[in-house]
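The structure appears right after this line, and notes come after that.
The values are calculated or read from the model by the stated rules, or taken from the named source; none is laboratory data. The structure displayed is predicted, hence computed values, not measured ones. Here the Cβ positions follow ideal geometry from the backbone for every residue, glycine too, while neighbour counts run over all protein chains shown.
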Amino acid sequence: MTEAAAPPIDRTTVCISGGGPAGMMLGLLLARAGIHVTVLEKHKDFFRDFRGDTIHTSTLELMRELGLLDEFLELPHHKVTSIGGSFGGESIAFGDFRTLPTQCKFVAFMPQWDFLDFLKRQAGRYPEFNLLMEAEAITLLRDLGRVSGVRWRGPDDAEHEIEAHLVVACDGRDSTLRHQSGLPVIDIGAPIDVLWFRLERVAEDPQDLLGRIETGQALVMIDRGDYWQCAYLIRKDGFDALKERGLPALRADLARVAPFAAGRLATAIDSWDRLKLLSVQINRLHRWHAPGLLCIGDAAHAMSPVGGVGINLAIQDAVAAANILYSCLREAQEEGSAVNDSLLADVQRRRDWPTKFIQAFQVRVQDFLERRVFNAIGPVKPPLLLRLINRIPVLRSLGPRLVALGPRREHIETPDVHGRLS
Ligand SMILES: Cc1cc2nc3c(=O)[nH]c(=O)nc-3n(C[C@H](O)[C@H](O)[C@H](O)COP(=O)(O)OP(=O)(O)OC[C@H]3O[C@@H](n4cnc5c(N)ncnc54)[C@H](O)[C@@H]3O)c2cc1C
């Protein structure tokens with residue numbers, strides 16, 4: 001495995017831009033299957049907040065299928081076994097992960113940098129894996145109408161080129177390579193932005209994941225053990241208006257939506273610097289591929305934080321892509337043949353409906369927020385669907401399945417050509 005100061009590499013089988021959940025998982029699976037892969041990651045480490053830190057049950061099950069679950073669960077994490085919410089003071093249980101038909105009956109919360117570091121360590125055991133940090137993909141290389149590689153910029157600002165049989169764009173929702181490809185984007189839009197902040201958590205507080213909705217306000221509180229990671233949903237571009245009203249008004253709003261934490265707000269939000277504004281978007285590519293190029297994860301479909309399922313979708317895309325492509329990539333590697341582009345279309349066909357399904361769900365939740373929360377005049381009431389889920393046991397098992405496992409679960413079908421390397 002090579003990092004930072006590595007010399008430029010000029011040829012690989014698969015070049016992946018972006019070392020997020022999609023890129024690192026795909027890199028691990030392909031290297032494990034004996035495919036030479038180079039991952040370009042523009043940052044010098046994985047240490048960034050605000051990317052979500054949910055490790056869904058489906059991902060835990062993938063770790064089990066890879067024989068890595070015990071090692072993985074040795075990393076510090078927090079188990080969430082249920083999700084619930086409060087709508088205008090009325091409590092609703094959305095679901096209990098303990099009813100899942102899986103070995104792990106919880107969703108793990110783990111800082112994403114620990115998760116990505118873990119994938120990096122596992123992938124680094126395979127000689128076929130190459131990770132270049134501080135390597136920013138800047139341009140697609142083309143040859144006779146096919147994408148044939150990537151030009152990237154290293155830490156010294158010098159530019160390098162790497163040729164590949166296949167380029168996979170995993171560089172997130174602002175993907176440079178997707179932009180470069182010219183593939184048309186369907187913009188679905190998101191009327192919300194998120195303010196991200198931390199709040200001390202004390203023993204008497206409620207447990208697990210909480211959505212708290214009051215007239216005009218929506219707050220998601222993620223239990224991270226000794227603190228709450230809070231996501232305060234605001235109208236798109238509404239931050240300036242909030243600032244004009246001032247910090248005391250914001251703290252008063254938050255105290256109304258989370259009264260149990262009111263006494264801690266003055267310390268937690270003593271300046272605007274405590275709040276990080278995160279812009280939300282929902283969009284997807286009409287076609288996820290071009291000759292020699294595939295986009296997956298947020299690069300193919302930017303997800304909103306609603307439901308906390310974007311990481312799951314990105315990982316599932318990576319597993320599906322590895323399953324569908326590895327034989328053809330092996331042939332390309334051994335015989336120098338071109339990658340069969342119809343297989344790239346198969347990856348999209350496999351992952352298209354789960355993406356559309358989840359995005360449709362996110363749009364419905366956004367609609368609810370806009371019409372029934374931000375523009376509400378009276379008290380907020382739980383939506384009918386949630387009331388039904390709360391009351392009817394068979395429906396109550398659907399919510400956790402959807403969040404924890406996703407609409408179409410992928411399983412590892414790629415081989416470990418080296419056996420487990422230690
Ligand atoms: C505010 C917010 C909160 C969210 N919270 C959650 C949550 O709690 N749970 C959840 O499941 N989902 C959440 N999501 C969605 C989730 O973050 C994404 O769906 C998920 O991260 C997509 O993974 P990815 O690997 O496709 O892309 P990313 O995680 O965005 O990773 C892309 C990687 O590519 C790198 N990169 C970018 N450009 C380049 C380049 N030119 N060259 C090389 N590298 C590059 C980036 O540094 C990054 O490491 C949230 C989204 C938002 C906006």
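Here are some residues: ALA249, ALA231. Which one is touching a Leu at 6+ places or on another chain (Cβ under 9 Å), within 16 Å of the ligand (Cβ to nearest atom) and not in a loop (DSSP other than H, G, I, E, B)?
ALA231
Counting only residues that are part of a loop (DSSP other than H, G, I, E, B) and at negative phi, which one in the stretch 234-246 is nearest to the chain's Cα centre (by Cα)?
Across the stretch 234-246, the extreme among qualifying residues is LYS236.
Are any of the residues in the stretch 290-307 farther than 27 Å from VAL417 by Cβ, in contact with a Phe, Trp or Tyr (Cβ under 9 Å, 6 or more places away or on another chain) and surrounded by fewer than 22 Cβ atoms within 10 Å (Cβ to Cβ)?
Yes, the stretch 290-307 contains at least one residue that is farther than 27 Å from VAL417 by Cβ, in contact with a Phe, Trp or Tyr (Cβ under 9 Å, 6 or more places away or on another chain) and surrounded by fewer than 22 Cβ atoms within 10 Å (Cβ to Cβ).
Which of (1) of a type in the set (A, V, I, L, M); (2) over 25 Å from the mean Cα position of the chain (by Cα); (3) part of a loop (DSSP other than H, G, I, E, B) is the odd one out, the single condition ALA164 does not satisfy?
Only one criterion is unmet by ALA164, namely (3).
Would you pick out the residues in the stretch 295-312 that are closer than 14 Å to ALA360 by Cα, hydrophobic (A, V, I, L, M, F, W, C) and more than 6 Å from the ligand (Cβ to nearest atom)?
ALA302, VAL306
With respect to TRP152, is the statement that it is in the same structural domain as ALA261 (by TED's automatic domain parsing) and within 11 Å of the ligand (Cβ to nearest atom) true?
no
What about LEU329, is it surrounded by 14 or more Cβ atoms within 10 Å (Cβ to Cβ), farther than 17 Å from ILE92 by Cα and aliphatic (A, V, I, L, M)?
Yes: the conditions hold for LEU329.
Can you name the number of the only condition in (1) of a type outside the set (Val, Ile, Thr); (2) farther than 23 Å from GLN359 by Cα; (3) assigned by TED's automatic domain parsing to the domain that holds GLY336; (4) more than 14 Å from the ligand (Cβ to nearest atom) that GLN207 fails?
(3)
Would you check which residues across the stretch 194-215 are assigned to a loop (DSSP other than H, G, I, E, B) and of a type in the set (Asp, Glu) and list them?
The answer is GLU204, ASP205, ASP208.
Being modelled with pLDDT under 95 and out of contact with any Pro (no Cβ under 9 Å at 6 or more places or on another chain): is that true of PRO191 here?
So PRO191 fits the description; yes.
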